[in-house]
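K.L.:
I have a structure I would like to understand better, so I am pasting it below and will then ask my questions one at a time.
The values are calculated or read from the model by the stated rules, or taken from the named source; none is laboratory data. For clarity, every value in this text was computed on a predicted model and none was experimentally measured. No Cβ is skipped: glycine too gets one built from the backbone with ideal geometry, and neighbour counts run over all protein chains shown. SASA here: full protein model, heavy atoms, side chains in, ligands and nucleic acids out. Shrake-Rupley method; radii C 1.70, N 1.55, O 1.52, S 1.80 Å.
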Amino acid sequence: MAVVGFARTVLAEAPVAPETKICKVGKLVAFEKFDKPDVMVAKGKVEAGQWRDGLGDWKTIDGAAYAIQEAPSEQRPNGHEAVCEYVTDMGDFVLTAEFKMNQSPQVAFVFRDTNQPNLHQGRVMIKPDAFWIQKMSGISKETRREELKRIKQDTDPEKWHKITIEVCGDRMRATLDGQEIEASHERFLEHKGRIGFVARGEGALFRNVAIWEASAK
């Protein structure tokens, strides 16, 4: 896949900053519609300021990024969720996005730290009947997770949904179609080296993903 400059998408149609509760929205860092097939860098080494086509496979369908989970292999007997991440080095941030689950049983919005390799920090997890915030650490077989806050939520797999995620200091807040959850953990304080989204199975769609710098209100 060809590398496409960030300026193309920002200059074409910059998004409006969302309403926030714990973060003051700053500079727009990245915005991608994912309506074209060449906006992700192929697997391998990528530079800051690029969207990375990580594990799994990605296509462009219906003007959005379409997720296909990696199949089971000797290295990963259970396969692996499809991963797309923006490569960066930043502190507090605000993310907005639209997604549709379709046949995917679970999607998530994720961030990892600046270690090499980048270790998990936190996620907002979404299933058709609930969404929650979890703290994370490690990578690969060393990955550890701790659920911090969960609420019941009907998320229709056949409809588009909007999410806003705020991470400022040790606090993370997520607003999904008007429903809000918030949790705190010191793990969220670390600088972020990867910010993105993941999906299990096949069929989830993502579009209009934006990331802003932020500071605590």
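K.L.:
For the charge dipole of the chain, defined by +1 on Lys and Arg C-beta atoms and -1 on Asp and Glu C-beta atoms about the Cα centroid, which residue among GLN179, VAL46, LEU148 has the Cα displaced farthest towards the positive pole?
P.N.:
Projecting each Cα onto the dipole axis, the largest value belongs to LEU148.
K.L.:
Follow-up question, since we're still on this one. So what is Rg over Rh here for region 159-217, counting just Cα atoms and using Kirkwood for Rh?
P.N.:
0.98
K.L.:
Here is a follow-up. When only DSSP loop residues count, what GluC sites (Glu not before Pro) in region 115-183 have their Cβ near at most 14 other Cβ atoms within 10 Å?
P.N.:
Listed in order of number, the matching sites are GLU158.
K.L.:
Could you state the accessible area per residue of region 111-217 in Å², with a 1.4 Å probe and every protein chain left in place?
P.N.:
46
K.L.:
In nm, give the distance between the simple-model label positions of ARG150 and ASP89, each being 7 Å from the Cα along the Cα-to-Cβ direction.
P.N.:
3.7
K.L.:
Figure the gain on full extension for GLU182 and GLU47 (residue separation times 0.36 nm, minus the Cα-Cα span) and round it to one decimal in nm.
P.N.:
45.4 nm is the gain from fully extending GLU182 to GLU47.
K.L.:
Sticking with this structure for a sec: How much of the accessible area of region 63-105, probe 1.4 Å, is carbon plus sulfur, in whole percent?
P.N.:
Details: 750 of 1720 Å².
It is 43 percent, rounded to a whole number.
K.L.:
For TRP160 and ASP38 in one chain, what is 0.36 nm times their gap in residues minus the Cα-Cα distance, to one decimal in nm?
P.N.:
Details: separation 122, 0.36 × 122 = 43.92 nm, distance 2.28 nm.
Difference between extended and current length: 41.6 nm.
K.L.:
Report, please, the projected area of region 42-154 averaged over directions, based on the convex hull of its C-alpha atoms, in nm². Each step should come with its number before you reach the end.
P.N.:
Details: hull surface 32.6 nm².
Projected area, direction-averaged: 8.1 nm².
K.L.:
Tell me the net charge near GLU202. Cut-off is 11 Å between Cβ atoms, GLU202 excluded, with +1 for each Lys or Arg and -1 for each Asp or Glu.
P.N.:
-1
K.L.:
Just want the answer: with Cβ charges of +1 for Lys and Arg and -1 for Asp and Glu, which residue in ILE22, GLY203, GLN106 is farthest toward the dipole's positive end in the chain?
P.N.:
Farthest along the dipole direction, towards plus: ILE22.
K.L.:
Starting from the Cα coordinates of the chain, work out the convex hull volume and express it per residue in Å³.
P.N.:
112
K.L.:
Using the Cα centre as the reference, give the magnitude of the dipole from point charges on the C-beta atoms of the chain (Lys, Arg: +1; Asp, Glu: -1; all else neutral), rounded to the nearest 20 debye.
P.N.:
About 260 debye.
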